[in-house]
1. Between A:G354, A:G42, A:G69, find the one with the highest GNM mean-square fluctuation for chain A; connect C-alpha pairs within less than 10 Å.
2. Read phi for every residue in region B:88-100 and hand back ³J(HN,Hα) as whole Hz from Karplus 6.51 cos²θ - 1.76 cosθ + 1.60, θ = phi - 60°, with x for Gly and Pro.
3. Hey, any idea what Rg/Rh is for the protein assembly as shown, computing Rh the Kirkwood way over Cα pairs?
4. Taking beta carbons within 10 Å but only from partner chains, what does the mean come to for residues B:282-290?
5. What list of ³J(HN,Hα) values in whole Hz, one per residue of region B:149-164 in order, does the Karplus curve 6.51 cos²θ - 1.76 cosθ + 1.60 (θ = phi - 60°) give from phi, with Gly and Pro shown as x?
6. Determine, for each peptide in B:103-109, A:143-149, A:130-136, the mean count of other beta carbons within 10 angstrom over its residues, then list the peptides with the highest first.
7. To the nearest 20 debye, what charge dipole does region A:21-111 have about its Cα centre, counting +1 at the Cβ of each Lys and Arg and -1 at the Cβ of each Asp and Glu?
8. Compute the distance from the alpha-carbon center of region B:82-118 to that of region A:49-98, in whole Å.
Amino acid sequence: MNIHEYQAKQLLKQYGVAVPAGDPCKTVEEARAAAERLFGAGHTLIVIKSQIHAGGRGKGTFTHGFKGGVKLAKSVEEAVDFATNMLGKTLVTKQTGPEGRVVQTILVAAAEKILKEFYLAVLLDRATSRPLIMASTEGGVEIEEVAEKSPEKILKEWVDPAVGIMPYQARKIASGLGLKGDVFNAAVKLIMGVYKTSWETDAAMVEINPLAIVETPSGKESIVCVDAKISLDDNALYRHADIQAMRDLAEESPLEIEASKFSLNYIKLDGSIACLVNGAGLAMSTMDIIQHFGGMPANFLDVGGGASKDQVSAAFKIILSDPNVKAIFVNIFGGIMDCNVIATGIVEAVKETGLKLPLVVRLEGNNVAAGKATLAASGLTIISGDTMADAARKVVAAVAA
Amino acid sequence: MSILVTPQTKVLVQGITGSFGARHAQLSIDYGTQVVAGVTPGKGGQVFEHKGVQVPIFDTVADAVKATGATTSAVFVPPPFAADAILEGVDAGLELVVAITEGIPVNDMVRVKRSMQGRSTRLIGPNCPGLVTPGEGKDSHGGCRIGIAPGYIHKKGHIGVVSRSGTLTYEAVYQLTSRGVGQSTCVGIGGDPVNGTSHLDVIRMFMADPDTHGIIMIGEIGGSAEEEAAEWIAKNGTKPVAGFIAGATAPPGRRMGHAGAIVSGGKGTAQAKFDAFRAAGIGVAATPSEMADTLLRMM
């Protein structure tokens, strides 16, 4: 699960990590009050940041023509103008797709003078099965780019999960980033806090980019998380009620939310051939084989190992609500699952939805003869495929016709 | 022979009284697997009965091992309790723990792996279909089935199968069996980012097993376990290996059902894995329909 920047900063703050002063605002009035507080506290520059999950906000454009989802303001009036142009408006970035996202919340925060930018992240290192802290002096740019061009600039510190992070590890990183004096000590505390946030919230990834040395209004140097991104391990959400409450359904596809109600794993894609498959690996390879034969998958859909008739019926309704869909490919390997139960579910769903699109079914496994007989006796036009390849060819041909 | 388990392996089931564990314990008994004990805390002393087979239930794995000599366990307990169940099996000195449970928090598995360092127990999974060593009987009856795979699609023979995905494993096994080609052992290592046994671990066992003559390795996007296995095969491989990677069309940054199936930061793409396969001389199946044929052409 992903959360917004302002929520990530709230979590970090709970673990003693320094973030710029600021408040999330849902109305222009709240934005005005937040701006007044910040200027009143002596800040001379503030930033208004659109809160959507997609990246590329700064370079995004709103559908009403306003440019930039992240803006710097020198006065309360300016802040109010930006808030008016962002709240309730649709922001399109390189990551949102052309439909964009409606900005429901903005973060109004102090924009201190940045002296130097860094990168800091905590993630799982799959090769060692341990948490990994990564840091770099190349802040503000994508870490993949740094990894590609100058991997020697990335510092890595693996944490022993039996011991947890030790302060010397944070000191090594702070020293590697070239920090000195008070900022060095502050960075050690910050790195410890970021790691603790990651571990204790069961984060899949915490990314601070940029982490920055800034000049505060009083002229002192400090180190803060200027931006923050946290994604959580879905499997661990059951033990974090406070984080579950941060879920923003407006950021998720309505079809994906509907699918999750039926324990279906659905991801919408851009193609025209809908897939209904049991098992994640088989579902992925069904998409692959459609593309191999020249078609484009409309979705990933895993109905799971023990799909019921109700789930099959719900799955049909979900894939049919995608207007791009021109044909359906059902690929079931019923190992334990009874193929006849699936076949009955398909027939019922087709009748219920009044399906007019070509339907190709490849059914294999337990009780397959009865399943095929059920499909044949239904009187419905169902194209049968013997193997995955045969079925994939047929469904691609049905769309091309 | 086979790897990891034989038809004689004595199996205990952790979570045998839950509906999922019970159903698959029954199917394993039907397959002829030696299911000798069940463990459900608080139900020790009860008996799990299926078609005349009586399986005693114990409160702890240690009690079950002591009383029955079980060496291997299948873990079916729900995700919040799974890490504890796995480590209980490790503590009881089991040779093999197979964790079927899907949805265990990643940090729990990070702790489990750390705790298992220096212990002799091998963990397979979690979030896996388990493993099957086919038997001699009709539809491979009499084999060792641990987990949730359909036993009847197997056939005793000489091909090893290792995979991160359940149904895709069945697909490969079915292709082999319907061509009259049997399997030595089929291992599902699971779709989570942190698992007990890697592709490479299983490949090494297959290479060392005199009864395995060829290998099908099935991977998916995410991580670099397939690349590591391919690199080892390039240097040390002595038997033909064919492979497939699922997820070439998956959009980056999205988890494709399995917690570990994600391309992030440009890492873990199907292309990189296919390239590693080709560089190692592993036969690449152009589609998942050709996994068996690709291997058989190499043998």
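1. Maximum fluctuation in the GNM of chain A, among the listed residues, is at A:G354.
2. Working through the residues one at a time gives 5, x, 5, 4, 7, x, 4, 6, 9, 10, 10, 9, 7 Hz.
3. In the protein assembly as shown, Rg relative to Rh is 1.00.
4. 5
5. With the stated coefficients, region B:149-164 comes to 5, x, x, 5, 7, 7, 8, 5, x, 10, 9, x, 10, 9, 7, 8 Hz.
6. Going by the mean number of other Cβ atoms within 10 Å, highest first, we get B:103-109, A:130-136, A:143-149.
7. 380 debye
8. So the separation of the two Cα centres works out to 47 Å.
The values are calculated or read from the model by the stated rules, or taken from the named source; none is laboratory data. Source: prediction; values computed, not measured. In this analysis, Cβ positions are derived from the backbone assuming ideal geometry, glycine residues included, and neighbour counts consider all displayed protein chains. When the accessible area is computed, the model is the full protein with side chains, heavy atoms only, and any ligands, DNA or RNA have been set aside. Shrake-Rupley method; radii C 1.70, N 1.55, O 1.52, S 1.80 Å.
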